[in-house]
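**Q** Dumping the structure here so I can ask a few things about it.
The values are calculated or read from the model by the stated rules, or taken from the named source; none is laboratory data. This one's a predicted model, so the numbers in the text were calculated from it and none came from an experiment. Cβ: placed from backbone, ideal geometry, glycine included. Neighbour counts: every protein chain shown. SASA here: full protein model, heavy atoms, side chains in, ligands and nucleic acids out. Shrake-Rupley method; radii C 1.70, N 1.55, O 1.52, S 1.80 Å.
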Amino acid sequence: NQNLWQSQDAGNTWRALSPFANTGDVDVARTNGNNVVIAVNRQVFISTNALAPTVGPPSGVIFTNITRNLPNKNVTRVIFDPNDPNTIYAVLGGFNSPGNVGHVFRTSIGASTWTDISPVSLGEDLNIPFTAIALDGSETPSAIYVGTYLGVLRSVDGGSLWSVLDDIHFPRVPVWDLVLRNGILRAGTYVRGAFDFVKPTGPAIAVDLEHNLAFDAGKGAQYLTLEIFNVGVQDLVISSVRR
């Protein structure tokens, strides 16, 4: 809860890169070891020369505050895009308040602001704490997985659209961490243990309910859309649909 340390020889020797006000979540860009980002409480700091031979100015390792326009919430995780060492994602805890909205954000090292790509429900930001994030770099854009207090969400289009990941089998509990490796997404939860999300071997159904099919009786007849997706690898046969 005082310094960020670095070893370049498998732990034989260490050096303190920079002091911070508390512990933080750290990530290193896969394709550029100089790029290191750390989230500390409600702030985000980045270094683009973490492998410099000396620490501190004028020519050593320097961390810059890139909190910018992020809402005033605890930044629970930060992570680089696995295919782009200049792109950073952040997820935030806490709940929304007036002028303090959003839970999933993206920025680049050279940008001046963060872009809000938060999932929405009923036209508003999904107002629950977000606690984890993982990115799949096997395709472009990278698939984004985020852990929340109620499960795991996924976006495959850069954050424009989101879907619940296996709401049928996965419990609605807080997800403290997500790790994606060799095509398997592993989620560590509060109370309910650890779960693996694996690619289906047959058909698999996923649904998207417009406004959760909440028809408003006070406005007369309405039509809401039920979208059904086959996220498996074989044909999905639907014999009936009931509410």
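**Q** Pull out a ≥ b ≥ c, the square roots of the eigenvalues of the alpha-carbon gyration tensor of the range 24-84, then state rounded if a/c is under 1.5, prolate if not and a/b is larger than b/c, and oblate in the remaining case.
**A** oblate
**Q** Among THR54, VAL173, LEU126, whose Cα sits farthest toward the positive end of the charge dipole of the chain (+1 at Cβ of Lys/Arg, -1 at Cβ of Asp/Glu, about the Cα centre)?
**A** Farthest towards the positive pole: THR54.
**Q** How high is the relative contact order of the chain, in percent, counting Cα pairs under 8 Å that sit 6 or more residues apart?
**A** Over the chain, the number comes to 9 percent.
**Q** Let me ask something else. Starting from 0 in steps of 5 Å, tell me what percent of the Cα-Cα pairs of the range 29-133 lands in each bin.
**A** The calculated distribution, bin by bin, is 2, 13, 22, 23, 17, 11, 6, 3, 2, 1, 0.
**Q** Oh, and also: Given a 1.4 angstrom probe, I'd like the percentage of the accessible area of the range 129-168 that is carbon and sulfur, rounded to a whole number.
**A** Exposed carbon and sulfur together represent 54 percent of the surface.
**Q** What FRET efficiency comes out for LEU209 versus ARG181 if R0 is 45 angstrom and r is the Cβ-Cβ distance? Round to the nearest 0.05.
**A** Rounded to the nearest 0.05, the efficiency is 0.90.
**Q** Would you work out which of ALA143, TRP162, PRO203 lies farthest towards the positive end of the dipole of the range 107-243, given +1 charges on the beta-carbon of Lys and Arg and -1 on that of Asp and Glu, about the Cα centre?
**A** Of the candidates, PRO203 comes out farthest on the positive side.
**Q** Once phi is turned into ³J(HN,Hα) by the Karplus curve 6.51 cos²θ - 1.76 cosθ + 1.60 with θ = phi - 60°, what whole-Hz value does each residue of the range 191-199 show in order, with x for glycine and proline?
**A** 5, 9, x, 10, 9, 10, 9, 10, 5
**Q** Accessible area per residue of the range 165-243 at 1.4 Å probe, in Å²?
**A** Per residue, the range 165-243 has 79 Å² of solvent-accessible surface.
**Q** Okay, moving on. Suppose a student asked you for the relative contact order of the range 1-49, using Cα pairs under 8 Å spaced at least 6 residues apart; what percent would you report?
**A** Relative contact order, the range 1-49: 26 percent.
**Q** Turning to a different aspect of this structure: Would you work out the charge dipole size for the range 32-140 about its Cα centre, treating the Cβ of every Lys and Arg as +1 and the Cβ of every Asp and Glu as -1, and quote it to the nearest 20 debye?
**A** Its charge dipole is roughly 400 debye.
**Q** If the viscosity is 1.306 mPa s and the temperature 10 °C, what Stokes-Einstein diffusion coefficient in µm²/s follows for the range 121-225 when Rh is the Kirkwood radius over Cα pairs?
**A** It diffuses with D of about 104 µm²/s by this estimate.
**Q** Hey, any idea what % of the range 1-109's accessible area is carbon plus sulfur with a 1.4 Å probe?
**A** Answer for the range 1-109: carbon and sulfur cover 50 percent of the accessible area.
**Q** In cubic angstrom, how much convex hull volume per residue do the alpha carbon atoms of the chain span?
**A** With only Cα atoms used, the chain gives 165 Å³ per residue.
**Q** Express the accessible area of the range 1-123 per residue in Å², computed with a 1.4 Å probe while the remaining protein chains stay in the model.
**A** 50 Å²
**Q** For Cα pairs less than 8 Å apart in space and 6+ apart in sequence, what is the mean separation divided by the residue count of the range 112-182, i.e. the relative contact order in percent?
**A** 29 percent
**Q** Which value, in debye to the nearest 20, gives the size of the charge dipole of the chain about its Cα centre, when Lys and Arg are +1 and Asp and Glu are -1 at the Cβ?
**A** Roughly 500 debye for the chain.
**Q** Where does the charge balance sit around ALA194 when Lys and Arg score +1, Asp and Glu -1, over other residues with C-beta under 15 Å from its C-beta?
**A** Residues near ALA194 contribute 0 overall.
**Q** If we sort 23-31, 11-19 on the protection proxy, mean other Cβ atoms within 10 Å, highest first, what's the order?
**A** Highest mean packing first, the order is 23-31, 11-19.
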